[in-house]
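Engineer: Below are the structure tokens for one structure; questions will follow.
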DNA sequence: GCCGTTTTCGGCCCGACTGTTTTCAGTCG
């Protein structure tokens with residue numbers, strides 16, 4: 001997938017363009033093209049093969065950027081970026097990434113103090129040399145030093161699962177603060193983006209200043225970055241950034257639209273308002289000085305001639321066109337989900353017993369839970385089948401005892417070896433009620449080899465679901481490369497499912513690929529990959545990712561009632 | 001650099017906060 005790689009280079013080119021003082025609109029065009037590439041569900045190579053006209057048919061990509069993409073695909077670099085980098089120290093890109101330092105400040109720091117990377121920036125700040133520069137007060141110097149410290153400690157982006165947890169805890173505290181009439185977590189967390197940069201809270205209040213003041217005194221707040229009459233920015237002790245935005249209660253809906261974003265979606269909405277002789281800001285939709293919509297999100301979208309677009313779709317990735325044409329998907333909702341199709345018990349590497357898993361699944365209201373213990377961890381060597389049969393008897397007993405509420409599926413997760421064969425005895429695979437196959441080692445193979453590996457596993461008659469397709473892990477492992485279009489198409493043709501995995505550090509496949517999966521028409525299976533009962537609520541994350549992929553309930557396996565799911569499994573096995 | 005039922009040239013979202021600006025530039029979301 002070069003899409004992300006080219007997008008990254010275009011963003012750097014945009015930063016460099018700002019740095020050297022070329023037209024800011026050029027930089028914006030580069031960033032817009034980068035965003036478009038990141039949301040494409042097709043590999044850019046495939047489009048480029050159809051010729052330069054196909055590239056230019058993509059919105060935001062014209063003659064010049066199309067040429068740059070072709071050059072990148074041929075040489076692996078953007079010539080313009082290389083040229084600028086030969087004039088500018090490499091490290092200014094990381095200096096510009098520090099919050100509060102933009103292109104102008106970075107250039108000033110370089111030209112006057114020789115700042116060329118984070119280390120020389122730290123030195124310039126500590127030595128006091130930076131105090132002499134316009135715009136760099138001692139106060140700002142302290143702030144920047146603290147930021148450098150925090151950035152050092154924290155990863156720049158936090159996986160959604162962890163961020164949502166922190167955001168919901170903090171939201172409860174926010175709602176208790178004097179003056180807060182209503183509060184909601186917005187931003188990328190509300191859009192269920194797989195990783196987030198900060199937590200954005202919208203707060204409805206009649207008294208913005210004292211309320212913000214009180215919010216910044218919450219014990220969770222470690223350091224205040226900026227504070228005004230309507231907005232405040234702060235950091236938690238682990239470096240996670242928090243933004244508070246106060247809004248008058250009667251402008252709540254417009255505030256939600258503004259703070260939920262995404263930025264690209266908001267800009268499109270504002271352009272749309274302009275085209276209709278209106279103006280959209282965080283307070284509402286305006287005709288001249290008259291506010292014509294502000295109280296609810298529905299009203300704001302309606303004033304722009306659109307149905308309300310669900311937050312996970314607000315990425316400027318075709319949702320405005322779909323809304324305009326009445327083609328918005330009827331998204332999958334959490335209440336559609338009847339059960340979880342990947343979980344592990346202490347029969348393999350899970351923490352909890354089958355019964356503890358069943359009890360939590362029952363508390364979640366599930367009809368079923370697939371216990372997908374790792375086949376190769378079920379007993380040692382020749383003991384596999386014995387352990388498997390013992391586990392089955394325990395599952396049968398629990399299903400009897402609980403009257404099938406929830407019903408536990410006697411399932412397996414099996415490792416796909418490097419050659420695409422499965423690491424489990426055939427007898428076991430065919431006796432299991434449901435089989436997930438997934439890659440657990442030999443990552444990072446060349447694309448074609450990985451493709452063949454996954455296709456071969458998919459062809460195995462016992463395999464029902466391809467688990468965590470790309471195997472990416474936050475902070476640990478990049479996504480595996482493969483010809484996903486072919487793999488999803490083969491899964492569709494075989495009537496098999498591909499998993500959307502909601503385990504917090506996996507969230508696999510990433511959004512654009514998940515959307516390609518949904519578009520392929522293959523069955524989708526939602527799994528939390530829980531290794532403990534307390535992980536099971538992560539289904540929220542899997543559903544969020546599926547929503548970002550535009551999934552509707554129809555092709556999601558987990559929306560089937562128990563008997564329909566068992567019938568689906570039986571039908572597929574008969575086809576073999 | 002992109003784009004066009006306002007435009008092939010002249011626009012390009014909009015407002016809050018910081019700093020030192022007595023009216024605005026830089027940065028951010």
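Engineer: So, in Å, what gap is there between the alpha-carbon centers of region A:444-492 and region A:551-576?
Structural biologist: About 21 Å separates the Cα centre of region A:444-492 from the one of region A:551-576.
Engineer: May I ask you to order A:28-35, A:133-140, A:167-174, A:485-492 by the average number of other C-beta atoms within 10 Å around their residues, highest value first?
Structural biologist: A:28-35, A:485-492, A:167-174, A:133-140
Engineer: Enter the Cα centre distance for the pair region A:280-332 and region A:237-273, rounded to the nearest angstrom.
Structural biologist: 13
Engineer: Take the alpha-carbon centre of region A:152-214, take the same for region A:361-435, and report the distance between them in whole Å.
Structural biologist: 40
Engineer: Calculate for chain A the 222 nm mean residue ellipticity that helices alone would give, adding -39,500 (n - 2.57) per DSSP H run of length 4 or more and normalising by residue count, nearest 500 deg cm²/dmol.
Structural biologist: Computed mean residue ellipticity for chain A: -13500 deg cm²/dmol.
Engineer: Moving on. Where does region A:427-474 land on Rg(C-alpha)/(2.2 N^0.38 Å)?
Structural biologist: Cα Rg divided by the expected 2.2 N^0.38 Å: 1.23.
Engineer: What is the Cα coordinate range of chain A on the first, second and third principal axes, sorted by size from largest, in whole angstrom?
Structural biologist: Per principal axis, max minus min of the Cα coordinates gives 76, 58, 52 Å.
Engineer: Here's something else I'd like to know. Using Cα pairs under 8 angstrom and six or more residues apart, how large is the relative contact order of region A:262-308, in percent?
Structural biologist: Dividing the mean separation by the residue count of region A:262-308 yields 23 percent.
Engineer: Given labels modelled 7 Å from the Cα in the Cβ direction, how far is it in nm from residue A:178 to residue A:42?
Structural biologist: 6.0
Engineer: Hey, could you get me the Stokes-Einstein D for region A:262-308, Kirkwood radius over alpha-carbon pairs, 20 °C and 1.002 mPa s, rounded to whole µm² s⁻¹?
Structural biologist: Rounded to a whole number, D works out at 207 µm²/s.
Engineer: When the gyration tensor of region A:391-455 is built from Cα positions, what are the square roots of 5 times its three eigenvalues, in whole Å, from largest to smallest?
Structural biologist: Each semi-axis is the square root of five times an eigenvalue, giving 32, 11, 8 Å.
Engineer: Can you tell me the orientation of helix A:384-401 relative to chain A, as the angle in degrees between its alpha-carbon axis and the longest Cα principal axis, to the nearest 10?
Structural biologist: Helix A:384-401 sits at roughly 80 degrees to that axis.
Engineer: Give the peptides A:90-102, A:534-546 in descending order of average Cβ contacts within 10 Å, highest first.
Structural biologist: Highest-to-lowest ranking by the protection proxy: A:534-546, A:90-102.
Engineer: Ratio of Rg to Rh for region A:482-571, alpha carbon only, Kirkwood?
Structural biologist: My calculation puts Rg/Rh at 0.97.
Engineer: For region A:158-247, divide the Cα radius of gyration by the Kirkwood radius and give the resulting Rg/Rh value with two decimals.
Structural biologist: Rounded to two decimals, Rg over Rh is 0.93.
Engineer: Further question on the same structure: Let me have the relative contact order for region A:1-52, percent, based on Cα pairs under 8 Å that are six or more residues apart.
Structural biologist: Reported relative contact order: 46 percent.
Engineer: Once you keep just the Cα pairs under 8 angstrom separated by 6 or more residues, what percentage relative contact order results for chain A?
Structural biologist: Computed over chain A, the figure is 10 percent.
Engineer: Quick check on region A:365-418: what are the equivalent-ellipsoid semi-axes from the Cα gyration tensor, as sqrt(5λ), descending, whole Å?
Structural biologist: 24, 14, 5
Engineer: Go through A:385-393, A:345-353 and give me the packing order, highest mean Cβ count within 10 Å leading.
Structural biologist: The densest-packed peptide leads the list: A:345-353, A:385-393.
Engineer: Counting C-alpha atoms alone, how compact is region A:236-390: give Rg to one decimal and Dmax as a whole number, in angstrom.
Structural biologist: Rg and Dmax of region A:236-390, Cα atoms, are 24.5, 79 Å.
Since every read-out is calculated from the coordinates, none of them should be taken as a lab result. The model shown is predicted, which means the values in this text are computed figures rather than measured ones. Note that each Cβ is placed from the backbone with ideal geometry, even for glycine, and that neighbours are counted across all protein chains shown.
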